[in-house]
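A.B. asks: My questions will all concern the structure given below.
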Amino acid sequence: MRLTGWVLTALALTLSSTANAAQPLQVALDDYCPYYCKADTPGEDRLADPPGFVIEILQHAFGSGPDDIRYHFLPWKRSVQELSQGTLDAIVIAAREEAPELVYPSIEQGRSQGCFYKKRGAPWVYAGPDSLPHVRLTLIESYLYGEPLNSYLGRAGQDGKITYISGNQALLRIFQMIARGRTDATAEDSMVAAYLLQKSGLKQSIDNAGCYQGGLDFYVGFAPHNPDSAAHAKALDEAMVELRSSGQLAKILGRYGLVDWR
């Protein structure tokens, strides 16, 4: 049977749509356990088991196989650049303020509580913004730390008391610097810090120096120029609603010793 031109066109569009739908979601991440966790295998980039609670949420929304999601372990700054260039589809995770150009779901995938960390036995304690000029801070480049630290960083200037590092395992390197006395303190999410200090064996060398009030919402952010990003964000919103209402979100968080932040 001979196919007419409009039938051939419709068939081509259908095949094209099916091919596009089958493309895996290309996701950038580094290592921010228990939000998302990289396996502790030298020279191998893969997720740990369990992979982190945000990864489990993402897999519920988009699937868990290599044909559903492919993960690319990259430093934060490069990940955002790749999304802006359209070579990747999503980043796990981001705050709206630190990458406002990305497309975000309406419902957050996590909430951070920021704390300060110092060398065990050091006298400094965080006592509000006025205490920050009295300590050398080393932070991760391009990260958004929330208030009041962001405001302090904006007005502190280049006085030699604030330094930044980037690249893979940036937080571990900062903790090692604190333990060796090369810097005084850093700021980090309390769950991330507790996990990394235990895992790295630095728990006995680093102390919590106090936390600031308020939380910072985290999201899976999607590529700003990808026409599918709005649909991806909507699918993730629907997954969050379903997981929370069914009780599955509580079970996922429970595997990491966490409770729902809402």
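A.B. asks: Could you compute the FRET efficiency for K199 and R255, with r as their C-beta to C-beta distance and R0 at 22 Å, rounded to 0.05?
C.D. replies: Approximately 0.85, to the nearest 0.05.
A.B. asks: Kindly express, to the nearest 10 degrees and within the range 0 to 90, the angle between helix 5-21's C-alpha long axis and the longest C-alpha principal axis of the chain.
C.D. replies: Tilt relative to the chain: about 20 degrees.
A.B. asks: K77 versus R182, label points 7 Å from Cα toward the beta carbon: distance in nm?
C.D. replies: Spacing of the two 7 Å Cα→Cβ label points: 1.7 nm.
A.B. asks: Just need the relative contact order of the chain here, percent rounded to a whole number, with Cα pairs under 8 Å and 6+ apart. Display every interim value, and only then the final one.
C.D. replies: Numbers: 406 pairs, mean separation 71.7, N = 262.
27 percent.
A.B. asks: Okay, next question. When DSSP beta bridges are limited to those with both residues in the stretch 112-215, what percentage is antiparallel, rounded to the nearest 5?
C.D. replies: Of those bridges, close to 70 percent are antiparallel.
A.B. asks: Can you tell me the length gained on complete extension of the stretch R70 to K234, counting 0.36 nm per residue apart and subtracting the Cα distance?
C.D. replies: 57.1 nm
A.B. asks: Moving to a separate point now. Summing -39500 (n - 2.57) over the DSSP H runs of n ≥ 4 in the chain and dividing by its residue number, what mean residue ellipticity at 222 nm do you reach, to the nearest 500 deg cm²/dmol? Display every interim value, and only then the final one.
C.D. replies: Numbers: 8 runs with 91 residues, N = 262.
My calculation for the chain gives -10500 deg cm²/dmol from helical runs alone.
A.B. asks: Then there is this: Enter the angle in degrees (range 0 to 90, nearest 10) between the Cα long axis of helix 170-179 and the first principal axis of the Cα atoms of the chain, meaning the one along which they spread out most.
C.D. replies: Helix 170-179 and the main axis of the chain meet at about 10 degrees.
A.B. asks: Run through all the Cα pairs of the chain and give the fraction in each 5 Å bin from 0, expressed as whole percent.
C.D. replies: 1, 5, 12, 16, 17, 15, 12, 8, 5, 3, 2, 1, 1, 1, 1, 0, 0, 0
A.B. asks: Right, here's the next one. Just to confirm the number: angle between the C-alpha axis of helix 229-246 and the first principal axis of the chain, 0 to 90 degrees, nearest 10?
C.D. replies: Value to nearest ten degrees: 70.
A.B. asks: Moving on to the next point. Which of K199/K234; K77/K251; K38/K203; K118/K199; K203/K234 have a Cα-Cα distance over 29 Å?
C.D. replies: K199/K234; K77/K251; K203/K234
A.B. asks: Related question: Toward the positive end of the charge dipole of the stretch 194-253, about the Cα centre and with charges on Cβ (Lys, Arg +1; Asp, Glu -1), which of A209, A231, Q248 goes farthest?
C.D. replies: The Cα lying farthest towards the positive end belongs to A209.
A.B. asks: Something else: Among DSSP beta bridges whose residues both lie in the chain, state the antiparallel percentage, nearest 5.
C.D. replies: 65 percent
A.B. asks: Could you state, as a whole-number percent, how many of the C-alpha pairs of the stretch 157-233 are farther apart than 14 Å? Intermediate results must be reported in sequence, preceding the final value.
C.D. replies: Numbers: 2073 of 2926 pairs.
Percent of Cα pairs beyond 14 Å in the stretch 157-233: 71.
A.B. asks: Right, here's the next one. I want to make sure I understand the PRE zone here: with the label point 7 angstrom from the Cα of R155 toward its beta carbon, which residues in the stretch 105-143 have backbone N atoms less than 11 Å away?
C.D. replies: 129-130
A.B. asks: Taking amide H positions as placed 1.01 Å from N in the peptide plane, with prolines and chain starts having none, which residues 5 or more places from I69, or on another chain, fall under 5 Å of its amide H?
C.D. replies: HN-HN under 5 Å from I69: L25.
A.B. asks: Simple spin-label model, 7 Å along Cα-to-Cβ: H134 to N208 in nm?
C.D. replies: Calculated label separation equals 2.1 nm.
A.B. asks: Could you give the C-alpha radius of gyration of the stretch 112-215 expressed as a fraction of 2.2 N^0.38 Å, taking N as the number of residues it contains?
C.D. replies: So the stretch 112-215 has a normalised radius of gyration of 0.97.
A.B. asks: Roughly speaking, what is the stretch gain from Y164 to A48, that is 0.36 nm per residue apart minus the C-alpha to C-alpha distance, in nm to one decimal?
C.D. replies: Between Y164 and A48, full extension yields an extra 39.0 nm.
A.B. asks: Another question about this same structure. Who wins for biggest fluctuation among V54, V220, V241 in a Gaussian network model of the chain, springs between alpha carbons below 10 Å?
C.D. replies: Largest GNM mean-square fluctuation: V241.
A short reminder: the numbers here are calculations on the coordinates, not readings from a lab. Being a predicted model, the structure only gives us computed values, none of them experimental. All Cβ positions, even for glycine, are placed from backbone atoms using ideal geometry, and neighbour counts span all protein chains on display.
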